[in-house]
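Only one structure is covered here, and it is reproduced in the block below.
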């Protein structure tokens with residue numbers, strides 16, 4: 001079976017996602033960190049393999065909307081928790097700290 005050439009490729013760029021994350025508040029540093037984790041997740045290809053869907057800005061924003069409340073990093077970490085529960089192996093994409101987070 002041939003490998004899917006789209007696996008491991010993000011269908012967005014980091015600056016575009018970081019800008020779109022502003023709807024959830026947070027600092028620019030926090031939004032850039034979340035966007036970097038999203039690129040890493042896309043590059044790893046795990047989400048595509050597990051869900052069959054390509055990561056896009058729209059998909060990420062929809063998933064983060066489901067968190068209900070919180071900053072971009074809190075929402076992102078909530079989603080990574082959901083994916084970890086469903087598929088396992090997403091802990092590596094959790095945002096643990098970012099510039100200015102105080103941790």
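Every read-out reported here was derived from the displayed coordinates using simple, explicitly stated rules and does not represent laboratory data. Not measured: the values here are computed from a predicted model. Methodologically, a virtual Cβ is constructed for each residue, glycine included, from the backbone with ideal geometry; neighbour enumeration extends over all protein chains shown.
Kindly express, to the nearest 10 degrees and within the range 0 to 90, the angle between helix 28-44's C-alpha long axis and the longest C-alpha principal axis of the chain.
10 degrees
What's the long-distance tail for the chain, i.e. % of Cα pairs beyond 22 Å? Mind dumping the intermediate values first?
Numbers: 1236 of 5253 pairs.
Summing the P(r) of the chain above 22 Å gives 24 percent of all pairs.
Highest mean first, what order results for 44-57, 22-35 on Cβ atoms within 10 Å? Don't skip to the end; give the middle numbers.
Numbers: 44-57: 15.7, 22-35: 19.4.
Order by mean packing, descending: 22-35, 44-57.
Can you give the angle from 0 to 90° between the axis of helix 72-86 and the longest principal axis of the chain, with both taken from C-alpha atoms, to the nearest 10?
So the helix axis and the longest Cα principal axis differ by about 40 degrees.
How far is it, in nm, from the label point at residue 96 to the one at residue 59 when both lie 7 Å from their Cα along the line to the Cβ?
2.7 nm
Would you mind putting 68-76, 86-94 in packing order, based on average other-beta-carbon counts within 10 Å, highest first? Present the calculation step by step, with values, prior to reporting the outcome.
Values: 68-76: 19.2, 86-94: 13.7.
Those peptides, ordered most packed to least, come out 68-76, 86-94.
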